[in-house]
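The values are calculated or read from the model by the stated rules, or taken from the named source; none is laboratory data. All figures in this text were calculated on a predicted structure; none of them were measured in a lab. As a convention, Cβ positions derive from the backbone with ideal geometry for all residues, glycine included, and neighbour counts pool all protein chains shown. What goes into the accessible areas is simple: the full protein's heavy atoms, side chains included, and nothing from ligands, DNA or RNA. Shrake-Rupley method; radii C 1.70, N 1.55, O 1.52, S 1.80 Å.
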2 protein chains.
Amino acid sequence: MVAMKSGSGNETRPRGRPRAFDRDEALDAAMRLFWRRGYDATSISALTEAMGLTPPQLYAAFGDKRRLFEEAVGKYLAETGAFAAAALERPTAREAVEALLRDAARELTAPGQPPGCFCVLGAVNCGPESAGVEEDLRRHRAASEAAIRTRIETGLGVGELPAGTDPAALAKFYTGVFQGMSFQARDGASRSDLERVAELAMSAWPG
Amino acid sequence: MVAMKSGSGNETRPRGRPRAFDRDEALDAAMRLFWRRGYDATSISALTEAMGLTPPQLYAAFGDKRRLFEEAVGKYLAETGAFAAAALERPTAREAVEALLRDAARELTAPGQPPGCFCVLGAVNCGPESAGVEEDLRRHRAASEAAIRTRIETGLGVGELPAGTDPAALAKFYTGVFQGMSFQARDGASRSDLERVAELAMSAWPG
DNA sequence: CCATATTCGTAGTGATCACTACGTAAATGC
DNA sequence: GCATTTACGTAGTGATCACTACGAATATGG
(Lines give C-alpha, C1' and ligand atoms only; values in the text may rest on other atoms or scores of the structure.)
Protein backbone atom coordinates (compact mmCIF):
# COMPACT_ATOMS: atom_id res chain seq x y z
CA MET A 1 0.00 0.00 0.00
CA VAL A 2 1.84 3.07 -1.23
CA ALA A 3 1.10 5.92 1.11
CA MET A 4 0.26 9.21 -0.48
CA LYS A 5 0.11 11.65 2.37
CA SER A 6 -2.82 14.00 2.73
CA GLY A 7 -4.03 16.35 0.01
CA SER A 8 -1.19 16.56 -2.45
CA GLY A 9 -3.57 18.34 -4.83
CA ASN A 10 -3.69 21.97 -5.76
CA GLU A 11 -5.56 23.06 -2.63
CA THR A 12 -3.91 25.94 -0.77
CA ARG A 13 -1.65 24.72 1.99
CA PRO A 14 -2.29 25.88 5.55
CA ARG A 15 -0.23 28.80 6.73
CA GLY A 16 2.17 27.65 9.45
CA ARG A 17 4.58 24.80 10.03
CA PRO A 18 3.16 21.55 8.70
CA ARG A 19 2.22 18.74 11.05
CA ALA A 20 4.96 16.13 11.36
CA PHE A 21 2.57 13.14 11.66
CA ASP A 22 -0.47 11.68 9.89
CA ARG A 23 -3.47 12.81 11.87
CA ASP A 24 -5.70 9.96 10.72
CA GLU A 25 -3.11 7.31 11.50
CA ALA A 26 -2.73 8.76 14.97
CA LEU A 27 -6.50 8.80 15.44
CA ASP A 28 -6.66 5.18 14.33
CA ALA A 29 -4.09 4.17 16.94
CA ALA A 30 -6.05 6.07 19.60
CA MET A 31 -9.31 4.40 18.54
CA ARG A 32 -7.82 0.95 18.87
CA LEU A 33 -6.40 1.66 22.29
CA PHE A 34 -9.65 3.16 23.59
CA TRP A 35 -11.49 0.21 22.06
CA ARG A 36 -9.28 -2.33 23.78
CA ARG A 37 -9.07 -0.73 27.23
CA GLY A 38 -11.96 1.67 27.55
CA TYR A 39 -11.93 5.41 28.14
CA ASP A 40 -10.80 5.66 31.74
CA ALA A 41 -8.14 2.96 31.65
CA THR A 42 -6.48 4.55 28.62
CA SER A 43 -4.03 7.14 29.89
CA ILE A 44 -2.67 10.03 27.91
CA SER A 45 0.81 8.58 28.24
CA ALA A 46 -0.40 5.24 26.80
CA LEU A 47 -2.08 7.16 23.99
CA THR A 48 0.95 9.27 23.16
CA GLU A 49 3.10 6.16 23.05
CA ALA A 50 0.66 4.27 20.79
CA MET A 51 0.12 7.27 18.55
CA GLY A 52 3.81 8.15 18.36
CA LEU A 53 3.21 11.67 19.64
CA THR A 54 4.24 13.93 22.46
CA PRO A 55 1.49 15.24 24.74
CA PRO A 56 1.52 18.75 23.21
CA GLN A 57 1.15 17.23 19.74
CA LEU A 58 -1.85 15.25 20.88
CA TYR A 59 -3.51 18.22 22.55
CA ALA A 60 -2.85 20.57 19.66
CA ALA A 61 -4.32 18.13 17.15
CA PHE A 62 -7.27 16.69 19.09
CA GLY A 63 -8.18 19.10 21.89
CA ASP A 64 -8.34 16.94 24.97
CA LYS A 65 -8.87 13.30 25.95
CA ARG A 66 -12.62 13.51 25.75
CA ARG A 67 -12.72 15.06 22.28
CA LEU A 68 -10.15 12.54 21.07
CA PHE A 69 -12.41 9.78 22.33
CA GLU A 70 -15.43 11.29 20.59
CA GLU A 71 -13.49 11.45 17.34
CA ALA A 72 -12.46 7.82 17.84
CA VAL A 73 -16.10 6.84 18.33
CA GLY A 74 -17.03 8.65 15.15
CA LYS A 75 -14.30 6.87 13.22
CA TYR A 76 -15.40 3.52 14.62
CA LEU A 77 -19.04 4.06 13.69
CA ALA A 78 -18.08 5.19 10.21
CA GLU A 79 -15.68 2.32 9.54
CA THR A 80 -15.92 -0.87 11.59
CA GLY A 81 -19.44 -0.13 12.80
CA ALA A 82 -20.82 0.42 9.33
CA PHE A 83 -21.79 -3.25 9.00
CA ALA A 84 -24.67 -2.73 11.41
CA ALA A 85 -26.37 0.03 9.49
CA ALA A 86 -25.77 -1.91 6.27
CA ALA A 87 -27.36 -5.05 7.69
CA LEU A 88 -30.56 -3.20 8.55
CA GLU A 89 -31.04 -2.34 4.88
CA ARG A 90 -31.78 -5.95 3.92
CA PRO A 91 -35.15 -6.49 2.22
CA THR A 92 -36.97 -8.06 5.17
CA ALA A 93 -36.81 -7.35 8.89
CA ARG A 94 -35.84 -10.93 9.63
CA GLU A 95 -33.01 -10.90 7.10
CA ALA A 96 -31.90 -7.56 8.52
CA VAL A 97 -31.64 -8.80 12.11
CA GLU A 98 -30.14 -12.10 11.03
CA ALA A 99 -27.48 -10.30 9.00
CA LEU A 100 -26.84 -7.96 11.91
CA LEU A 101 -26.09 -10.84 14.26
CA ARG A 102 -24.16 -12.93 11.73
CA ASP A 103 -22.01 -10.00 10.69
CA ALA A 104 -21.55 -9.15 14.34
CA ALA A 105 -20.20 -12.64 15.03
CA ARG A 106 -17.57 -11.97 12.37
CA GLU A 107 -16.79 -8.35 13.22
CA LEU A 108 -16.69 -8.77 17.00
CA THR A 109 -14.05 -11.47 16.65
CA ALA A 110 -12.19 -10.15 13.60
CA PRO A 111 -8.45 -10.82 13.78
CA GLY A 112 -6.24 -7.77 14.06
CA GLN A 113 -8.70 -5.69 16.00
CA PRO A 114 -9.90 -5.61 19.62
CA PRO A 115 -12.69 -8.09 20.37
CA GLY A 116 -16.21 -6.82 20.98
CA CYS A 117 -17.99 -3.63 20.01
CA PHE A 118 -16.29 -0.34 20.85
CA CYS A 119 -19.67 1.30 21.32
CA VAL A 120 -20.68 -1.34 23.88
CA LEU A 121 -17.42 -1.76 25.77
CA GLY A 122 -15.59 1.52 25.24
CA ALA A 123 -16.95 3.40 28.23
CA VAL A 124 -18.15 0.97 30.89
CA ASN A 125 -17.27 1.73 34.50
CA CYS A 126 -16.18 5.31 34.03
CA GLY A 127 -15.52 7.27 37.19
CA PRO A 128 -17.67 10.19 38.32
CA GLU A 129 -15.49 12.67 36.43
CA SER A 130 -15.95 10.96 33.08
CA ALA A 131 -19.56 9.87 33.53
CA GLY A 132 -20.49 12.05 30.57
CA VAL A 133 -18.44 9.86 28.25
CA GLU A 134 -20.29 6.79 29.45
CA GLU A 135 -23.57 8.61 28.86
CA ASP A 136 -22.53 9.53 25.32
CA LEU A 137 -22.00 5.90 24.35
CA ARG A 138 -25.25 4.98 26.11
CA ARG A 139 -27.02 7.38 23.78
CA HIS A 140 -25.39 5.74 20.78
CA ARG A 141 -26.62 2.34 22.01
CA ALA A 142 -30.11 3.71 22.50
CA ALA A 143 -30.04 5.02 18.94
CA SER A 144 -28.97 1.58 17.66
CA GLU A 145 -31.81 -0.10 19.52
CA ALA A 146 -34.22 2.47 18.10
CA ALA A 147 -32.95 1.75 14.59
CA ILE A 148 -33.57 -1.97 15.06
CA ARG A 149 -37.04 -1.27 16.43
CA THR A 150 -37.84 0.98 13.47
CA ARG A 151 -36.68 -1.73 11.05
CA ILE A 152 -38.91 -4.29 12.80
CA GLU A 153 -41.85 -1.87 12.79
CA THR A 154 -41.43 -1.42 9.06
CA GLY A 155 -41.47 -5.19 8.56
CA LEU A 156 -44.51 -5.48 10.79
CA GLY A 157 -46.21 -2.76 8.76
CA VAL A 158 -45.86 -4.73 5.54
CA GLY A 159 -47.09 -7.94 7.10
CA GLU A 160 -43.79 -9.76 7.56
CA LEU A 161 -44.52 -10.42 11.20
CA PRO A 162 -47.58 -11.78 13.03
CA ALA A 163 -50.06 -9.16 14.17
CA GLY A 164 -49.53 -8.43 17.84
CA THR A 165 -45.74 -8.67 17.61
CA ASP A 166 -44.10 -6.16 19.96
CA PRO A 167 -41.32 -4.43 17.99
CA ALA A 168 -39.90 -2.68 21.05
CA ALA A 169 -39.55 -5.94 22.98
CA LEU A 170 -38.04 -7.69 19.98
CA ALA A 171 -35.59 -4.85 19.42
CA LYS A 172 -34.55 -4.89 23.07
CA PHE A 173 -34.03 -8.64 22.91
CA TYR A 174 -31.77 -8.53 19.86
CA THR A 175 -29.94 -5.49 21.22
CA GLY A 176 -29.29 -7.44 24.38
CA VAL A 177 -28.07 -10.44 22.41
CA PHE A 178 -25.70 -8.19 20.48
CA GLN A 179 -24.34 -6.67 23.68
CA GLY A 180 -24.00 -10.13 25.21
CA MET A 181 -22.07 -11.24 22.14
CA SER A 182 -19.77 -8.23 22.54
CA PHE A 183 -19.13 -9.18 26.11
CA GLN A 184 -18.48 -12.80 25.21
CA ALA A 185 -16.11 -11.78 22.45
CA ARG A 186 -14.03 -9.90 24.99
CA ASP A 187 -14.20 -12.96 27.25
CA GLY A 188 -12.63 -15.02 24.48
CA ALA A 189 -15.57 -16.41 22.50
CA SER A 190 -14.74 -17.38 18.91
CA ARG A 191 -16.51 -16.42 15.75
CA SER A 192 -18.24 -19.79 15.52
CA ASP A 193 -19.27 -19.54 19.19
CA LEU A 194 -21.00 -16.28 18.39
CA GLU A 195 -22.50 -17.62 15.18
CA ARG A 196 -24.20 -20.33 17.19
CA VAL A 197 -25.45 -17.70 19.63
CA ALA A 198 -26.81 -15.71 16.68
CA GLU A 199 -28.51 -18.77 15.23
CA LEU A 200 -30.22 -19.60 18.53
CA ALA A 201 -31.29 -15.98 18.91
CA MET A 202 -32.90 -16.09 15.48
CA SER A 203 -34.89 -19.15 16.46
CA ALA A 204 -36.79 -16.80 18.79
CA TRP A 205 -38.03 -14.81 15.80
CA PRO A 206 -41.85 -14.64 15.83
CA GLY A 207 -44.02 -16.49 13.34
CA MET B 1 -34.14 -5.04 62.36
CA VAL B 2 -32.40 -4.73 65.72
CA ALA B 3 -28.69 -4.94 65.21
CA MET B 4 -26.78 -7.21 67.56
CA LYS B 5 -23.16 -6.51 66.93
CA SER B 6 -20.82 -9.35 66.24
CA GLY B 7 -20.28 -12.32 68.49
CA SER B 8 -21.75 -11.31 71.86
CA GLY B 9 -21.45 -14.93 73.03
CA ASN B 10 -18.97 -16.45 75.40
CA GLU B 11 -16.20 -16.79 72.84
CA THR B 12 -12.88 -15.37 73.97
CA ARG B 13 -12.39 -11.80 72.84
CA PRO B 14 -9.33 -10.94 70.73
CA ARG B 15 -6.36 -9.52 72.53
CA GLY B 16 -5.80 -5.92 71.47
CA ARG B 17 -7.88 -2.80 71.08
CA PRO B 18 -11.27 -3.67 69.60
CA ARG B 19 -12.25 -2.48 66.15
CA ALA B 20 -14.35 0.68 66.23
CA PHE B 21 -16.54 -0.26 63.22
CA ASP B 22 -18.60 -3.18 61.96
CA ARG B 23 -16.43 -5.04 59.48
CA ASP B 24 -19.33 -6.59 57.59
CA GLU B 25 -21.18 -3.30 57.26
CA ALA B 26 -18.04 -1.72 55.87
CA LEU B 27 -17.58 -4.61 53.44
CA ASP B 28 -21.17 -4.21 52.33
CA ALA B 29 -20.62 -0.53 51.55
CA ALA B 30 -17.47 -1.40 49.61
CA MET B 31 -19.29 -4.11 47.66
CA ARG B 32 -22.02 -1.72 46.60
CA LEU B 33 -19.54 0.92 45.48
CA PHE B 34 -17.43 -1.56 43.49
CA TRP B 35 -20.65 -2.95 42.04
CA ARG B 36 -21.85 0.46 40.91
CA ARG B 37 -18.59 1.84 39.54
CA GLY B 38 -16.30 -1.09 38.85
CA TYR B 39 -12.89 -1.86 40.30
CA ASP B 40 -10.69 0.75 38.68
CA ALA B 41 -13.08 3.68 38.93
CA THR B 42 -13.58 3.08 42.65
CA SER B 43 -10.83 4.97 44.47
CA ILE B 44 -9.65 4.27 47.96
CA SER B 45 -10.81 7.72 49.03
CA ALA B 46 -14.32 6.99 47.67
CA LEU B 47 -14.26 3.68 49.51
CA THR B 48 -13.14 5.15 52.81
CA GLU B 49 -15.85 7.77 52.58
CA ALA B 50 -18.57 5.22 51.75
CA MET B 51 -17.35 2.80 54.41
CA GLY B 52 -16.89 5.49 57.05
CA LEU B 53 -13.26 4.58 57.58
CA THR B 54 -9.84 6.15 57.41
CA PRO B 55 -7.35 4.61 54.98
CA PRO B 56 -5.33 2.86 57.72
CA GLN B 57 -8.54 1.31 59.07
CA LEU B 58 -9.39 -0.02 55.65
CA TYR B 59 -5.93 -1.44 55.03
CA ALA B 60 -5.67 -3.00 58.48
CA ALA B 61 -9.03 -4.72 58.11
CA PHE B 62 -8.99 -5.77 54.45
CA GLY B 63 -5.38 -5.87 53.26
CA ASP B 64 -5.41 -3.85 50.07
CA LYS B 65 -7.79 -2.75 47.35
CA ARG B 66 -7.58 -5.99 45.45
CA ARG B 67 -8.27 -8.21 48.46
CA LEU B 68 -11.14 -5.95 49.49
CA PHE B 69 -12.58 -6.39 46.00
CA GLU B 70 -12.20 -10.15 46.18
CA GLU B 71 -14.01 -10.21 49.52
CA ALA B 72 -16.74 -8.05 48.01
CA VAL B 73 -17.12 -10.50 45.13
CA GLY B 74 -17.40 -13.36 47.60
CA LYS B 75 -20.08 -11.53 49.55
CA TYR B 76 -21.98 -10.77 46.36
CA LEU B 77 -21.91 -14.37 45.16
CA ALA B 78 -23.00 -15.61 48.57
CA GLU B 79 -25.84 -13.12 48.98
CA THR B 80 -27.27 -11.38 45.94
CA GLY B 81 -25.84 -13.89 43.49
CA ALA B 82 -27.29 -16.89 45.28
CA PHE B 83 -30.45 -16.77 43.16
CA ALA B 84 -28.53 -18.11 40.17
CA ALA B 85 -27.29 -21.27 41.83
CA ALA B 86 -30.74 -21.77 43.35
CA ALA B 87 -32.44 -21.46 39.96
CA LEU B 88 -30.29 -24.20 38.49
CA GLU B 89 -31.66 -26.67 41.08
CA ARG B 90 -35.12 -26.66 39.51
CA PRO B 91 -36.38 -30.10 38.47
CA THR B 92 -35.92 -29.70 34.71
CA ALA B 93 -33.23 -27.96 32.69
CA ARG B 94 -35.81 -25.75 31.00
CA GLU B 95 -37.33 -24.67 34.30
CA ALA B 96 -33.82 -24.05 35.63
CA VAL B 97 -32.81 -21.73 32.78
CA GLU B 98 -36.20 -20.04 32.74
CA ALA B 99 -36.00 -19.39 36.47
CA LEU B 100 -32.46 -18.12 36.06
CA LEU B 101 -33.50 -15.51 33.51
CA ARG B 102 -36.75 -14.54 35.26
CA ASP B 103 -35.03 -14.16 38.62
CA ALA B 104 -32.26 -12.24 36.87
CA ALA B 105 -34.81 -9.78 35.47
CA ARG B 106 -35.89 -9.10 39.05
CA GLU B 107 -32.46 -9.11 40.70
CA LEU B 108 -30.67 -7.06 38.05
CA THR B 109 -33.21 -4.27 38.46
CA ALA B 110 -33.93 -4.61 42.18
CA PRO B 111 -34.54 -1.25 43.86
CA GLY B 112 -31.97 -0.20 46.42
CA GLN B 113 -29.05 -1.89 44.75
CA PRO B 114 -26.89 -1.13 41.72
CA PRO B 115 -28.36 -2.33 38.41
CA GLY B 116 -26.81 -5.30 36.63
CA CYS B 117 -24.66 -8.17 37.82
CA PHE B 118 -21.56 -7.34 39.84
CA CYS B 119 -19.81 -10.36 38.41
CA VAL B 120 -20.47 -9.17 34.85
CA LEU B 121 -19.89 -5.43 35.25
CA GLY B 122 -17.58 -5.15 38.25
CA ALA B 123 -14.27 -5.36 36.41
CA VAL B 124 -14.71 -4.33 32.78
CA ASN B 125 -12.07 -2.07 31.27
CA CYS B 126 -9.44 -2.45 33.94
CA GLY B 127 -6.07 -0.94 33.18
CA PRO B 128 -2.94 -3.02 32.62
CA GLU B 129 -2.06 -2.88 36.31
CA SER B 130 -5.34 -4.39 37.45
CA ALA B 131 -5.85 -6.81 34.57
CA GLY B 132 -5.69 -9.67 37.06
CA VAL B 133 -8.89 -8.47 38.71
CA GLU B 134 -10.65 -8.51 35.36
CA GLU B 135 -9.36 -12.01 34.78
CA ASP B 136 -10.65 -13.16 38.17
CA LEU B 137 -14.22 -12.16 37.32
CA ARG B 138 -13.82 -13.69 33.88
CA ARG B 139 -13.09 -16.99 35.57
CA HIS B 140 -16.24 -16.63 37.69
CA ARG B 141 -18.25 -16.03 34.53
CA ALA B 142 -16.71 -19.07 32.87
CA ALA B 143 -17.66 -21.13 35.92
CA SER B 144 -21.25 -19.88 35.69
CA GLU B 145 -21.45 -20.81 32.03
CA ALA B 146 -20.05 -24.23 32.86
CA ALA B 147 -22.70 -24.69 35.55
CA ILE B 148 -25.45 -23.88 33.06
CA ARG B 149 -23.96 -26.27 30.54
CA THR B 150 -23.75 -29.02 33.12
CA ARG B 151 -27.39 -28.48 34.06
CA ILE B 152 -28.41 -28.70 30.41
CA GLU B 153 -26.29 -31.82 29.92
CA THR B 154 -28.07 -33.43 32.85
CA GLY B 155 -31.43 -32.60 31.32
CA LEU B 156 -30.29 -33.92 27.98
CA GLY B 157 -29.14 -37.12 29.67
CA VAL B 158 -32.61 -37.81 31.07
CA GLY B 159 -34.29 -37.11 27.76
CA GLU B 160 -35.68 -33.65 28.44
CA LEU B 161 -34.11 -32.27 25.27
CA PRO B 162 -34.06 -33.50 21.68
CA ALA B 163 -31.15 -35.74 20.80
CA GLY B 164 -28.48 -33.75 19.04
CA THR B 165 -28.99 -30.68 21.20
CA ASP B 166 -25.65 -28.90 21.79
CA PRO B 167 -25.44 -28.11 25.52
CA ALA B 168 -22.35 -25.95 25.16
CA ALA B 169 -23.95 -23.77 22.48
CA LEU B 170 -27.16 -23.48 24.47
CA ALA B 171 -25.24 -22.56 27.63
CA LYS B 172 -23.26 -19.92 25.77
CA PHE B 173 -26.45 -18.47 24.34
CA TYR B 174 -28.17 -18.13 27.71
CA THR B 175 -25.00 -16.85 29.33
CA GLY B 176 -24.84 -14.20 26.64
CA VAL B 177 -28.47 -13.27 27.19
CA PHE B 178 -27.82 -12.93 30.91
CA GLN B 179 -24.81 -10.70 30.29
CA GLY B 180 -26.79 -8.65 27.81
CA MET B 181 -29.53 -8.24 30.40
CA SER B 182 -26.94 -7.03 32.90
CA PHE B 183 -25.72 -4.49 30.42
CA GLN B 184 -29.23 -3.33 29.63
CA ALA B 185 -30.07 -3.03 33.31
CA ARG B 186 -27.18 -0.64 33.72
CA ASP B 187 -28.39 1.23 30.64
CA GLY B 188 -31.73 1.77 32.34
CA ALA B 189 -33.87 -1.22 31.31
CA SER B 190 -36.74 -1.99 33.68
CA ARG B 191 -37.67 -5.29 35.25
CA SER B 192 -40.50 -5.81 32.77
CA ASP B 193 -38.16 -4.95 29.87
CA LEU B 194 -35.85 -7.72 31.01
CA GLU B 195 -38.72 -10.13 31.64
CA ARG B 196 -39.72 -9.73 28.01
CA VAL B 197 -36.11 -10.35 26.97
CA ALA B 198 -36.10 -13.50 29.13
CA GLU B 199 -39.37 -14.69 27.62
CA LEU B 200 -38.10 -14.25 24.08
CA ALA B 201 -34.86 -16.01 24.97
CA MET B 202 -36.84 -18.97 26.28
CA SER B 203 -38.71 -19.23 23.00
CA ALA B 204 -35.37 -20.34 21.53
CA TRP B 205 -35.38 -23.42 23.78
CA PRO B 206 -35.08 -26.58 21.67
CA GLY B 207 -37.89 -29.04 21.15
C1' DC C 1 0.11 -2.10 87.76
C1' DC C 2 2.56 -3.79 83.78
C1' DA C 3 3.56 -6.30 79.37
C1' DT C 4 1.51 -7.47 75.13
C1' DA C 5 -1.45 -6.94 71.24
C1' DT C 6 -4.27 -4.65 68.18
C1' DT C 7 -6.52 -0.42 66.38
C1' DC C 8 -6.71 4.42 66.43
C1' DG C 9 -5.96 9.20 64.10
C1' DT C 10 -2.65 12.31 61.89
C1' DA C 11 -0.16 13.22 58.28
C1' DG C 12 2.12 12.10 54.87
C1' DT C 13 4.89 8.89 50.69
C1' DG C 14 6.38 8.50 45.67
C1' DA C 15 3.94 7.59 41.32
C1' DT C 16 0.86 8.66 37.91
C1' DC C 17 -3.03 11.41 36.27
C1' DA C 18 -4.67 14.95 32.53
C1' DC C 19 -2.84 18.90 30.88
C1' DT C 20 0.27 23.15 29.58
C1' DA C 21 3.94 27.22 29.57
C1' DC C 22 7.51 28.52 26.76
C1' DG C 23 10.96 29.24 23.58
C1' DT C 24 12.36 27.35 18.93
C1' DA C 25 11.62 25.52 14.19
C1' DA C 26 9.46 25.55 9.75
C1' DA C 27 6.06 26.75 6.68
C1' DT C 28 3.33 30.87 3.90
C1' DG C 29 2.30 35.83 2.31
C1' DC C 30 4.17 39.98 0.80
C1' DG D 1 14.14 39.62 3.88
C1' DC D 2 10.62 39.85 7.28
C1' DA D 3 6.16 39.42 9.68
C1' DT D 4 2.81 35.96 10.58
C1' DT D 5 1.19 31.49 11.63
C1' DT D 6 1.33 27.01 13.12
C1' DA D 7 3.71 22.95 15.15
C1' DC D 8 7.73 21.47 17.50
C1' DG D 9 10.39 19.55 21.84
C1' DT D 10 11.56 20.20 26.69
C1' DA D 11 10.11 20.21 30.93
C1' DG D 12 7.13 20.75 33.98
C1' DT D 13 2.03 21.95 36.68
C1' DG D 14 -1.25 20.85 40.65
C1' DA D 15 -4.37 16.98 41.67
C1' DT D 16 -5.26 12.47 42.72
C1' DC D 17 -3.76 7.67 42.91
C1' DA D 18 -2.92 3.45 46.19
C1' DC D 19 -0.71 2.97 50.24
C1' DT D 20 1.89 3.64 54.97
C1' DA D 21 5.04 5.44 59.11
C1' DC D 22 4.35 6.58 63.62
C1' DG D 23 3.02 7.48 68.13
C1' DA D 24 -1.20 7.51 71.08
C1' DA D 25 -5.20 4.88 72.67
C1' DT D 26 -7.65 0.79 74.35
C1' DA D 27 -8.34 -3.80 74.99
C1' DT D 28 -6.65 -8.63 77.39
C1' DG D 29 -3.56 -11.68 80.42
C1' DG D 30 -1.07 -11.94 84.45
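Some observations on this one:
- B:THR48 vs. criteria modelled with pLDDT of 95 or more and more than 12 Å from DNA strand D (Cβ to nearest atom): no
- Residue that is farthest from the other protein chains (Cβ to nearest Cβ), among those in the range A:158-186 that are part of a loop (DSSP other than H, G, I, E, B) and touching a Gly at 6+ places or on another chain (Cβ under 9 Å): A:GLU160
- Among residues of the range A:117-142 that are in a loop (DSSP other than H, G, I, E, B), those with a Cβ under 7 angstrom from a residue that is basic (Lys, Arg), sequence gap 6+ or separate chain, pair up as A:ASN125/B:ARG37; A:GLY127/B:ARG37.
- Condition check for A:PRO128: more than 21 Å from A:LEU200 (Cβ to Cβ), away from every other protein chain (no Cβ under 13 Å) and open to solvent by 10 Å² or more (accessible area, probe 1.4 Å): no
- The requirement of being away from DNA strand D (no atom under 11 Å from the Cβ), within 14 Å of chain A (Cβ to nearest Cβ) and more than 29 Å from B:PHE173 (Cβ to Cβ) is fulfilled nowhere in the range B:107-118; no residue meets it.
- Residue within the range A:179-187 that is loosely packed, with under 15 Cβ neighbours inside 10 Å and under 21 Å from B:ASN125 (Cβ atoms) present: no
- Checking A:GLU145 against (1) part of a helix (DSSP H, G or I); (2) touching a residue at least 12 places away in the same chain (Cβ under 8 Å); (3) open to solvent by less than 30 Å² (accessible area, probe 1.4 Å), the condition it does not meet: (3)
- Taking the range B:57-71 as the range and being away from DNA strand C (no atom under 11 Å from the Cβ), in contact with a helix residue (DSSP H, G or I) (Cβ under 8 Å, 6 or more places away or on another chain) and more than 14 Å from every other protein chain (Cβ to nearest Cβ) as the test, the residues that pass are B:LYS65, B:ARG66, B:LEU68, B:GLU70, B:GLU71.
- Looking only at the range B:32-46, and only at residues there that are closer than 23 Å to B:CYS117 by Cα and within 13 Å of DNA strand C (Cβ to nearest atom), the one that is most open to solvent (accessible area, probe 1.4 Å): B:ASP40
- A:ARG106 being open to solvent by 20 Å² or more (accessible area, probe 1.4 Å), in contact (Cβ under 8 Å) with a residue 40 or more places away in the chain and of a type outside the set (Asp, Glu): yes
- Enumeration of residues in the range A:190-207 that are within 7 Å of chain B (Cβ to nearest Cβ) and either open to solvent by less than 20 Å² (accessible area, probe 1.4 Å) or assigned to a helix (DSSP H, G or I) (or both): A:ASP193, A:ARG196, A:VAL197, A:LEU200, A:ALA201, A:ALA204
- Within the range A:19-56, considering residues that are within 13 Å of chain B (Cβ to nearest Cβ) and charged (D, E, K, R), the one nearest to the chain's Cα centre (by Cα): A:ARG36
- Failed condition for B:ARG139, given (1) away from chain A (no Cβ under 11 Å); (2) farther than 13 Å from B:ARG102 by Cα; (3) open to solvent by 10 Å² or more (accessible area, probe 1.4 Å): (1)
- In the set A:GLY16, A:GLY38, A:GLY9, only one residue is more than 14 Å from DNA strand D (Cβ to nearest atom) and modelled with pLDDT under 95; that residue is A:GLY9.
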